[in-house]
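Participant: The structure that follows is given in the form of structure tokens.
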Amino acid sequence: MFPPFTLRYARLPERFYAHFEPVPVRDPHLVAFNRSLAEALGFDLAAFNTEEAAVWFSGNVVPHGAEPLSQAYAGHQFGGFVPQLGDGRAVLLGEVTDHEGRLRDIQLKGAGRTPFSRGGDGRSPLGPVLREYLVSEAMHAMGIPSTRALAAVTTGERVMRGIPEPGAILTRVASSHIRVGTFQYFAARGDSEGVRELADHVIERHYPELHSKLESQPDGERYLGLLEAVQKRQAALIARWMGVGFIHGVMNTDNTSISGETIDFGPCAFMEQYDPKMVFSSIDEGGRYAYANQPSIAQWNLARLAETLLPLIDEDGDKAVELATELLQRFPEQYESEWLAVMRAKLGLASEKPGDKALIEALLAAMHRGRADFTLTFRSLSDTAENTQAEATLIALFERPDEITAWLEEWRERLAQEPRGDGDRERQMKLANPAFIPRNHRVQQALTAAMDENDFGPFETLLQIVTHPFDDQPGREEFTLPAEPTERVFRTFCGT
């Protein structure tokens, strides 16, 4: 059933990981399977059998050619450095090559206590598994780089998270699971050769444009180029998060992917009422990872990556710091360029004008003061692109309608400077402004039905909806609406 494995990470030195076999579970049942992703990865779907799949995706049987391991990494968690974290409940089976020739990790998450579990049980409750499945697939459907969900399996066992909860295992697919914290793990040990080997592995796997220059580039330029390439991808990624109101919740360095994908969907959430200070994570008491802080936190995390690469950038420590600092100081400009591109698309602006940033910020300020829903505002704005009568629906979203009314006049003046026809503008805007997101209360309803009643119908319905985020879906308009006061979810939780 599984496609052939390659074992690139397993062929790195053994200090990069710990060999670990998944711990068998009592009674695995497949509750979700991503057939389109499986097909793209080269799975033999003609031989697909639900019961056998449950055995494979639970880890009860290790597929032929896999060499299971748990990766070592460190990380800054809420600003405090932990020199050893690692995969406390995850097992990398190996990599496969998809139909586009890309190498993809296949990992079981919740597969048992590993050498890095730090006293944890190595398991996952069903709720966080389904949350990650929903949100990661929604992110992918919105065109945002993300790890993906291949399968979810219930274990027939309970895990304790304050109360007993049904256990589950997620099969996760990623370009890789290498993090900023992976580099920190070796740097913290003074293992400069480990940092170099990891950097060369990352360049070969994720940044082949740098790999092609290995012979012609001095070493220092190569590793500074790696930092620059990671920085560009992070700037683009965070800008896309901001464009859909996504709040990651735990932007620790061990949750910052070197490949530029969104990784680890613990206490994440999508904002409804626009508020730049919005926080959902139950453990983010100080608001470190609030919505508006995400760009600056990304820069902070990149600085931690830069620290690990300094010995590779230049033998002269002061010179290395100077080069890395100069590069990091360009992040705000890079991020703003990416963010403006995202927001211009949401406003139907194909050209660039000096006043665009002020126009965007004025809309966000009006949304904040008017307590308007982030997703509905932009989707409704798309409807007004060629139909001024639709403005009434948009204005009704604001508690202070006078502000959005004034802004709409400025926007129309700006649209008049655009060459694109109105019909094309509305279509393009709707491709930038999703109608459907995994709204927190809908996610919670789906998780509650699955956990409490063993009813996966709401999960399956919501998954189908959020994986077609830009489509008008007649009969499903209720899924576009924010929560009623009694349905609001103010706190989200990690599964550990």
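Participant: Using the Karplus equation 6.51 cos²θ - 1.76 cosθ + 1.60 (θ = phi - 60°), what ³J(HN,Hα) coupling, rounded to whole Hz, does each residue of region 394-401 give in order, writing x for Gly and Pro?
Facilitator: Rounded to whole hertz, the list is 5, 4, 5, 6, 9, 6, 10, x.
Participant: Could I ask something else about it? Calculate the FRET efficiency for Glu322 and Ala392 from the Cβ-Cβ distance with a Förster distance of 45 Å, rounded to the nearest 0.05. Please report the intermediate quantities before stating the final value.
Facilitator: Values: r = 57 Å, r/R0 = 1.26.
It comes out at approximately 0.20.
Participant: If you count only protein heavy atoms with a 1.4 Å probe, what accessible area per residue comes out for the chain, rounded to a whole Å²?
Facilitator: Details: 20120 Å² over 496 residues.
Heavy-atom SASA per residue in the chain reads 41 Å².
Participant: Hey, another quick one. First compute the accessible area of the chain with a 1.4 Å probe, then give the percent of it belonging to carbon and sulfur atoms.
Facilitator: Within the chain, the accessible surface is 49 percent carbon and sulfur.
Participant: Within straight cross-link reach of Lys430, meaning Cα distance under 29 Å, which lysines are found once same-chain residues fewer than 8 apart are removed?
Facilitator: Filter leaves Lys232, Lys277, Lys346, Lys353, Lys357.
Participant: Sticking with this one: So how far apart, in nm, are the two label points at Thr486 and Asp27 if each is 7 Å from Cα heading toward Cβ?
Facilitator: 3.4
Participant: What does the charge dipole of the chain about its Cα centre add up to, to the nearest 20 debye, if the Cβ of each Lys and Arg holds +1 and the Cβ of each Asp and Glu holds -1?
Facilitator: Around 660 debye, computed over the chain.
Participant: Dipole of region 279-390, Cα-centred, from +1 at each Lys and Arg C-beta and -1 at each Asp and Glu C-beta, to the nearest 20 debye?
Facilitator: On the way: 11 positive and 18 negative charges, 144 e Å.
Its charge dipole is roughly 700 debye.
Participant: While we're on this one: Return the FRET efficiency for the residue pair Asp219, Arg113: r is the Cβ-Cβ distance, R0 is 45 Å, and the value is rounded to the nearest 0.05.
Facilitator: 0.70
Participant: Follow-up question, since we're still on this one. Cα gyration tensor of the chain, axes a ≥ b ≥ c as square roots of the eigenvalues: rounded (a/c below 1.5), prolate (a/b > b/c) or oblate?
Facilitator: Details: a/c = 1.81, a/b = 1.22, b/c = 1.49.
The shape class here is oblate.
Participant: With each pseudo-label sitting 7 Å past Cα toward Cβ, what's the Glu418-Glu100 distance in nm, one decimal?
Facilitator: According to this spin-label approximation, the distance is 2.7 nm.
Participant: Okay, moving on. Could you derive backbone 3J(HN,Hα) for region 87-94 from the dihedral phi with the Karplus parameters 6.51, -1.76 and 1.60 (θ = phi - 60°), listing whole Hz in sequence and x where the residue is Gly or Pro?
Facilitator: 6, x, 8, 10, 10, 7, 6, x
Participant: Karplus couplings for region 364-375 from phi (6.51 cos²θ - 1.76 cosθ + 1.60, θ = phi - 60°), rounded to Hz, Gly and Pro as x?
Facilitator: For region 364-375, the Karplus-derived couplings read 4, 5, 5, 5, 5, 5, x, 6, 8, 6, 4, 5 Hz, x marking Gly and Pro.
Participant: Extension gain His368-Lys277, at 0.36 nm per residue separation less the Cα-Cα distance, in nm?
Facilitator: 31.7 nm
Participant: Just name one of Ala188, Phe436, Asn34: the one whose Cα is farthest towards the positive end of the charge dipole of the chain (beta-carbon charges, Lys/Arg +1, Asp/Glu -1).
Facilitator: Ala188
Participant: Of the options Asn60, Gln389, Leu305, report the single residue whose Cα projects farthest towards the positive end of the charge dipole of the chain (beta-carbon charges: Lys, Arg +1; Asp, Glu -1).
Facilitator: Sorting the options by dipole projection puts first Asn60.
Participant: Compute the length gained on full extension between Lys357 and Arg400: take 0.36 nm times their separation in residues and subtract their Cα-Cα distance, giving the result in nm to one decimal.
Facilitator: In short, 13.3 nm is gained.
Participant: Can I ask one more? How much length, in nm to one decimal, is gained on full extension between Met1 and Glu51, taken as 0.36 nm per residue of separation minus their Cα-Cα distance?
Facilitator: 16.8 nm
Participant: Note down, for region 360-496, the three equivalent ellipsoid semi-axes (square root of 5 times each alpha carbon gyration tensor eigenvalue), biggest first, whole angstrom.
Facilitator: In descending order the semi-axes read 32, 18, 12 Å.
The values are calculated or read from the model by the stated rules, or taken from the named source; none is laboratory data. Quick caveat: nothing in here was measured; it's all calculated off a predicted structure. For neighbour counting, all protein chains shown are included, and Cβ atoms are generated from backbone atoms with ideal geometry for every residue, glycine included. What goes into the accessible areas is simple: the full protein's heavy atoms, side chains included, and nothing from ligands, DNA or RNA. Shrake-Rupley method; radii C 1.70, N 1.55, O 1.52, S 1.80 Å.
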